[in-house]
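Bear in mind that the values in this text are calculations on the coordinates, not laboratory data. Keep in mind it's a predicted model, so treat the numbers as computed, not measured. Quick reminder, even Gly has a Cβ in these numbers, built from the backbone with ideal geometry, and neighbours come from all protein chains shown.
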Amino acid sequence: MMHGPGRFDDMLKRDTLKPRALNETLARLGGYFGRFWWMLLLSVFFVVAATWSQVTSPELIGQATDCFLVPSGSNPFGSFGPQAAASDQQAESSCWLAKDPSGLTGRQAFLSRVYHAGGYSIADPATATNEQRIEGMVRLIGILIALFVLGSVLTGMTFFSMAWTGQQVLRQLRVEVFEQLHRLSLGYYAEHEAGDLMSRITNDTTAIEQAFSFALVNVFSGILSLIWISYNMVTANLPFALLSLAVAPIMFIATLYFSEQARKAFRKSREEIGNVNAELQESIAAVREAQAFNRADENIENFKEVNAANRDANVRAVSFTSALAPTLEALSYVSLAIVTGVGGWYLLRGQTLFGSVVTLGLVVTFLAYVQRFNQPIQQIAVLWTNIQNAIAGAERIFGVLDEQPAVTDKLNAKEMKEIKGLVEFENVSHQYEDGVPVLQGVSFTAEPGQTLAIVGPTGAGKTTIINLLPRFYDVTEGAVRIDGVDVRDVTAESLRQQIGIVLQDTFLFSTTVMENVRFGRPDATDEEVMAAIKLANADSFIERLPEKYQTVLGERGSGLSQGQRQLLSIARAALADPRILILDEATSSVDTRTERLIQKAFDQLLEGRTSFVIAHRLSTIRNADMILVLKDGQIIERGKHDALLAREGFYFDLYMSQFKKQEEMEIASVQ
């Protein structure tokens, strides 16, 4: 129970997230920890044994006083009171180490047997020589040292066993959350921020680990210590115990008050530091505008106000945390003063306290008890908040685990056979939100090996069509069939294995070029990976990289141009060798050479496959077997490029506004 104040200040700074379904959450957590019940039982044994060693030592210190330091016949305090004749009787009754262990009960009998182990016998305190007292004292000090060492070892073993158990549970929770995140549909990620999900798999699990490997052990040990010490004090001398514990309720109230006020103040402080960061970010981002419009002085004044508010909030928070420790320390001194003053008064006067004998050893014992009693109070209050945060974090984790994926396999779903490439959309409608249709009555057929170009303004539903093919979402109405089989009747895994996707925003991992391409088919050989790279015309720029194919790329492929990233994405799709291909052409400007490489790679990749292309290049549109023109979630025109132009309808207007300039640039480049 010995920890620095900084640790508790950090805990006070945390928001208290109170659990809403406490019993249910604890039951589920118990299920995870219950798998390691044997380690939990071992931890409980260690805690009980360590606490016993801590609460036993004060009584042995009292015995050292009554049996060896101030034994019967040499008590200097007995002569001051009118009941000096009772001194010998008091000392005799208080030095139970000198008695026969068979006549004692409970902990006194056990400790006496330990002390007399090996046939050792203690001399009568009233007649013992100084040498005999020293011998007995040395033996008792040895037992005390052994108790302290045993308590330290047991405490260390407790933390290790709980930390081991906590890490096992954390590993299981993180694996389950990670697996669940891969099962959830894309719609879930549209509604939840990635940062919040990252927090659940890292911060919330860490809060659980800290609570169960640190806080829970200390709270349990602290509560056990308080109960055990209180019991020992009451059984040793009830009136003296009640006087010694008189300040304890005040200490509890003070701890709860200051902790709650500090937590509220730190919550306000975090809000203010958020305002400071927002003001800094905005000012730095807009520094050019501030200088251009001569607003620097006003911005500085605004920042001073925000920064001052943050300072005041922090000062208020620190004032509460700073007041807690000295308040408890002062109350602790009051407890010690009560024990010393009352005990000393009755000891000096040789009087009994409500019929109970007061000896110097009893006063020393109670001084040690009071010191040990005061230590856990502050820690329990602060650490209990830490446990509440952990339970609330567990609720957030279970919230993810309980989330039902929007797209799931049927119970009798079959494996998708090898796809030939016939794709049918039959009266398909879809909506992401109830009452907001994105697609309405879309029907078309793509024959095996055909290329369909999908064009239309932003928000027309182009991306939704390609999301329905691999079942990233399920249709609201209608059906999507591949080779005559409804995609909802087969497993999503077997379906997606035969569909390749090249997105406009290519994601590359922080690993080598080879491994990034191999992501399309993990069991591919190096020769197959190299062949896919050459098909995508990516080998030319890879050869110029520092480590060529073994070059480790930065996060998301930093250091590569968008065109180069898309070439690697094309190679990845080519390696997977899909029967159906979905392409979202990049709209960003690339240099002419990369443009030609991408187009050549597309041409080779599309060959012999049923392909759906969200087209942004005129050449793709011209070569398409069919063009689907979408507007407001409906197909308003379809056909080949020349036929659609001849109609002079919506496609004609779209072509004139978006693609005419591309055609003129191509003609100019040829000339």
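Where does segment 366-521 land on Rg(C-alpha)/(2.2 N^0.38 Å)?
Numbers: Rg = 26.2 Å, N = 156, 2.2 N^0.38 = 15.0 Å.
Ratio of Rg to 2.2 N^0.38 Å for segment 366-521: 1.75.
Does segment 315-455 come out rounded, prolate or oblate, given a ≥ b ≥ c as the square roots of the eigenvalues of its C-alpha gyration tensor, rounded meaning a/c under 1.5 and, failing that, prolate meaning a/b above b/c? Spell out each step's value before the answer.
Numbers: a/c = 6.73, a/b = 4.22, b/c = 1.59.
Verdict is prolate for segment 315-455.
How do the peptides 537-543, 393-399 rank, highest first, by the average count of neighbouring beta carbon atoms within 10 Å per residue? Could the numbers behind the result be given before it?
On the way: 537-543: 17.9, 393-399: 19.9.
Taking the mean over residues of other Cβ atoms within 10 Å, the ranking is 393-399, 537-543.
Could you tell me which of the pairs Lys417/Lys548; Lys548/Lys600; Lys462/Lys600; Lys410/Lys631; Lys414/Lys462 are separated by over 27 angstrom between their Cα atoms in the structure shown?
Exceeds cut-off: Lys417/Lys548; Lys410/Lys631; Lys414/Lys462.
I need the peptides 310-316, 529-535 ranked by packing, meaning the mean over residues of other C-beta atoms within 10 angstrom, with the highest value on top. Walk me through the numbers before you get to the answer.
Numbers: 310-316: 15.9, 529-535: 19.9.
Per-residue Cβ counts within 10 Å, averaged per peptide and sorted highest first, yield 529-535, 310-316.
Tell me, in nm to one decimal, what length is gained between Ser561 and Val276 on full extension, where the rule is 0.36 nm per residue of separation less the Cα-Cα distance? Each step should come with its number before you reach the end.
On the way: separation 285, 0.36 × 285 = 102.60 nm, distance 3.56 nm.
Contour length minus Cα-Cα distance gives 99.0 nm.
Stretched out fully, how many nm does the piece from Ala308 to Trp345 gain, at 0.36 nm a residue minus the Cα gap?
Numbers: separation 37, 0.36 × 37 = 13.32 nm, distance 5.45 nm.
That works out to 7.9 nm of additional length.
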